[in-house]
Amino acid sequence: MELNDVLRLVRKNIQNLAPYSTARDEYKGALGVFLDANENPFENRYNRYPDPRQLELKGIISGLKGVPVENMFLGNGSDEAIDLCYRVFCTPGKDNAVAIAPSYGMYRVAADINDVEFREVQLGADYSLPVKELLQACDENTKLMFICSPNNPTGNSFPVDEMVGLINSFNGVVVVDEAYIDFAAQPSLLTLLQEHKNLIVLQTLSKAYGLAGLRLGLAFADAEIMSIFAKVKYPYNINLAGMERAKELLARDVEAEIELLKNERLRVSEALEGFACVQKVYPSDANFLLVMVNDARGLYEALINKQVIVRDRSRVKGCEGTLRITIGKPEENDKMLAVVKEWK
Ligand code: PMP
């Protein structure tokens, strides 16, 4: 799609929106007597409002991801970016969004909150991408298509050429959620942003980067789309304490942690496959395993009794009989494995 065609998908009221302008948008100098924002002048490190454009932290993330700052949005978790996709592109009560199922639950919750019809398309055999069915589910009011790759909770990635096929065929915005991409064998779609203006890639610092508590989610897209997100978001959506901690913690090397978790994923997967109650361990490109077991609810409760908490997905359509187990530290995984080994 051409950029202009994508911009035409933006809700009329958002196209016409005059955003709130902060006091610091008007004067950019660092030095001065700041009597413009009704702050308390006595220094305590946090008495001033933070940078609404988050340029310093975005600069660091730009270095990590190889994407220019103007192609980036920083949100209060990627959940904020998911919500903004609806608020920017979908007129409540009129437009709809299409998504794969089973997948991450917030796509539906955010659609419901925004009064946007949500159309789910079940994955195919072996959790394959239902390309044809996704396109068939669209009509002239379909503005968004959510694809999660690697997918939560199934763990698999979808073939890049199939996702590109959807981006080329769909006359709306394709949101590819790459929350787990750092654990995947296949590359990110970030390199496709330049040539595909209707692509938004979501990532997060909550998973591989280990900063879930700071709530820092990322969206990447064409600079014009990102400037619309910046217009719609709360002016100071990212707080200064979070940005400072992120800056410190992003300086550490997470590669060793990711490698260890990927090795543990293989070890845990092989161990589970040998246990009597395990029917199937699904292949995973993420930091969790979807496991089909005998009496999933019973095993879930047996694990809780030993203070091992996993996610029961057995009542999710398409995931019947499964638990979703996050890969932890080796000793944590061993504690989980010991319970599953003894289960009937
Ligand atoms: N996308 C997917 C696929 C997820 O699994 C999650 C978290 N479970 C998120 C997004 C949200 O992440 P964040 O912490 O950045 O809001």
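No value in this document is a laboratory result; all are computed from the given coordinates. Just so it is clear, the structure is predicted and the values come from calculations on it, not from any experiment. Using ideal geometry, Cβ is built from the backbone for each residue, glycine included, and neighbour counts are taken over all protein chains shown.
The mean sequence distance of close C-alpha pairs (under 8 Å, at least 6 residues apart), as a share of the length of the chain, puts its relative contact order at 18 percent. Extension gain residue 14-residue 329, at 0.36 nm per residue separation less the Cα-Cα distance, in nm? Full-extension gain reported as 108.9 nm.
Placing unit charges on the Cβ atoms of the charged side chains and taking the dipole of segment 255-342 about its Cα centre, the candidate lying farthest along the positive direction among 271, 258, 293 is 293. Given their separation in residues at 0.36 nm each and the Cα-Cα distance between them, residue 259 and residue 36 gain 75.4 nm when the chain is fully extended.
Relative to the longest principal axis of the Cα atoms of the chain, helix 240-249 runs at roughly 50 degrees. For the chain, the ratio of Cα radius of gyration to the globular rule of thumb 2.2 N^0.38 Å stands at 1.07. For segment 255-342, the number of Lys pairs with C-alpha atoms closer than 24 Å, counting only pairs eight or more positions apart or on separate chains, is 13.
Between residue 248 and residue 22, the simple spin-label model (points 7 angstrom out along Cα→Cβ) gives 2.2 nm. Residue by residue, segment 327-343 carries 3J(HN,Hα) couplings of 7, x, 6, x, 5, 5, 4, 4, 5, 5, 4, 4, 6, 5, 4, 8, 6 Hz when phi is fed to the Karplus relation 6.51 cos²θ - 1.76 cosθ + 1.60 (θ = phi - 60°); x denotes Gly or Pro. With a cut-off of 13 Å between beta carbons, the residues surrounding residue 187 carry a summed charge of -3, where Lys and Arg count +1 and Asp and Glu -1. Taking amide hydrogens as placed 1.01 Å from N in the peptide plane, the amide H of residue 98 sits under 5 Å from those of 119, 144, 145, 146, each at least 5 positions away in sequence or on another chain.
Rg/Rh for segment 153-274: what does it come to with C-alpha atoms and Rh from Kirkwood?
Radius of gyration over Kirkwood radius for segment 153-274 works out to 1.02.
Compute the acute angle (0 to 90°) between the alpha-carbon long axis of helix 160-169 and the principal axis of greatest extent of the alpha-carbon atoms of the chain; round to the nearest 10°. Value to nearest ten degrees: 50. Rounded to the nearest 10 degrees, the inclination of helix 296-305 to the longest alpha-carbon principal axis of the chain is 80 degrees. Compared with the alpha-carbon gap, the fully stretched path from residue 171 to residue 113 is longer by 18.5 nm at 0.36 nm per residue.
Under 27 Å of direct C-alpha separation, and excluding same-chain neighbours fewer than eight residues apart, residue 197 reaches these lysines: 12, 58, 65, 94, 132, 143, 207, 231, 233.
Modelled spin-label separation between residue 304 and residue 343, with each label point placed 7 Å from Cα along the Cα-to-Cβ direction: 1.3 nm.
Relative to the compact-globule estimate of 2.2 N^0.38 Å, the Cα radius of gyration of segment 195-344 comes out at 1.31.
Using just its DSSP H runs of length 4 or more, each adding -39500 (n - 2.57), the chain gives a mean residue ellipticity at 222 nm of -10500 deg cm²/dmol after division by all residues. Of the trypsin sites (Lys or Arg not before Pro) found in segment 83-175, those in coil by DSSP whose Cβ has at most 14 other Cβ atoms within 10 Å are 94. Overall, the chain carries a charge dipole of about 560 debye about its Cα centre when +1 sits on the Cβ of Lys and Arg and -1 on the Cβ of Asp and Glu, all other atoms neutral. P(r) tail for segment 255-342: Cα pairs beyond 20 Å make up 27% of the total.
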